[in-house]
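For reference, the structure discussed in these notes is given below.
The values are calculated or read from the model by the stated rules, or taken from the named source; none is laboratory data. What you see is a predicted model, and the numbers here were worked out from it, not measured in a lab. Don't worry about glycine lacking a Cβ; one is built from the backbone with ideal geometry, like all the others, and counts go over all protein chains shown.
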Amino acid sequence: MSQETIEFHYGKHHQAYIDNLNGLIEGTDLAELPIEEVIVKAEPGPIFNNSAQAYNHSFYWQCLTTPQGESNAPSGKLAQAIDEAFTDFATFKTQFSEMASKHFGSGWAWLLVGKSGKLEMLAMHDAGTPIQDGLKPLLAVDVWEHAYYIDYRNKRPDYLAAIWQIIDWQFVESQYDATAPSSLMLPE
């Protein structure tokens, strides 16, 4: 991921969601709530879209780290859960990348703990976020074009192939090990 992508995606695009949300909820009963509660309470429309996109992007950035190379993989209980749910890590990566690549339009690809307690993959459109459905997100990959267009143009599969080298499996594992969702640090 290039410096230019980060400057535009994080510094401008993500920041716009934060700024828009802050303006929309200023002076309302939502202003003091954790962002997860704002998402759940918001009606469809601008407050939901901006709060969900602020959350999704914050989660996405925490899922990334400096390049770890081709061998970057989860360990411990998360690795075992991936093997149980998807046969093995290589199969999971292939299935996740295919789901994200074939997702029509803008949205997000998620690894999450479903209501059954098992790992699941889910592609969600636009500002869709697992927490609106009471699901526990573990890994988010942004599949909106702004996430990859500077570096990969219209080649979403190339972006998805490269993203595996910068997944922060320690963060993903911490989400899996956590007993309750944690609030995210959002830019101001």
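Of the residues 92, 86, 96, which is surrounded by 14 or more Cβ atoms within 10 Å (Cβ to Cβ), over 17 Å from the mean Cα position of the chain (by Cα) and on the phi < 0 side of the Ramachandran plot?
Values: 92 fails: over 17 Å from the mean Cα position of the chain (by Cα); 96 fails: over 17 Å from the mean Cα position of the chain (by Cα).
Within the list 92, 86, 96, the selection yields 86.
For region 41-52, the condition holds for at least one residue, the condition being that it is at pLDDT 95 or above, out of contact with any strand residue (DSSP E or B) (no Cβ under 9 Å at 6 or more places or on another chain), under 21 Å from residue 122 (Cβ atoms) and aliphatic (A, V, I, L, M).
The single condition among (1) more than 25 Å from residue 17 (Cα to Cα); (2) crowded, with 19+ Cβ neighbours inside 10 Å; (3) not hydroxyl-bearing (Ser, Thr, Tyr) that residue 79 does not satisfy is (2). For region 110-124, filtered to residues that are among the aliphatic types (A, V, I, L, M) and over 24 Å from residue 34 (Cβ atoms), the residue that is surrounded by the most Cβ atoms within 10 Å (Cβ to Cβ) is 119.
From the list 57, 103, 125, exactly one residue is touching a Gly at 6+ places or on another chain (Cβ under 6 Å) and under 24 Å from residue 154 (Cβ atoms). Which is it?
125
Based on what the data block shows, is residue 64 in contact (Cβ under 8 Å) with a residue 24 or more places away in the chain and under 24 Å from residue 17 (Cβ atoms)?
yes
Can residue 68 be described as in contact with a strand residue (DSSP E or B) (Cβ under 9 Å, 6 or more places away or on another chain) and at pLDDT below 95? Yes, satisfied.
Residues that are surrounded by fewer than 17 Cβ atoms within 10 Å (Cβ to Cβ) and more than 26 Å from residue 126 (Cα to Cα) occur at least once in region 20-31. Taking each residue of region 29-40 that is assigned to a loop (DSSP other than H, G, I, E, B) and looking for partners that are surrounded by fewer than 15 Cβ atoms within 10 Å (Cβ to Cβ) and at pLDDT below 95 with beta-carbon atoms closer than 7 Å, six or more apart or interchain, yields 34/183. Picking from residues in region 125-150 that are out of contact with any helix residue (DSSP H, G or I) (no Cβ under 8 Å at 6 or more places or on another chain) and either among the hydrophobic types (A, V, I, L, M, F, W, C) or at pLDDT 95 or above (or both), the one that is surrounded by the fewest Cβ atoms within 10 Å (Cβ to Cβ) is 125.
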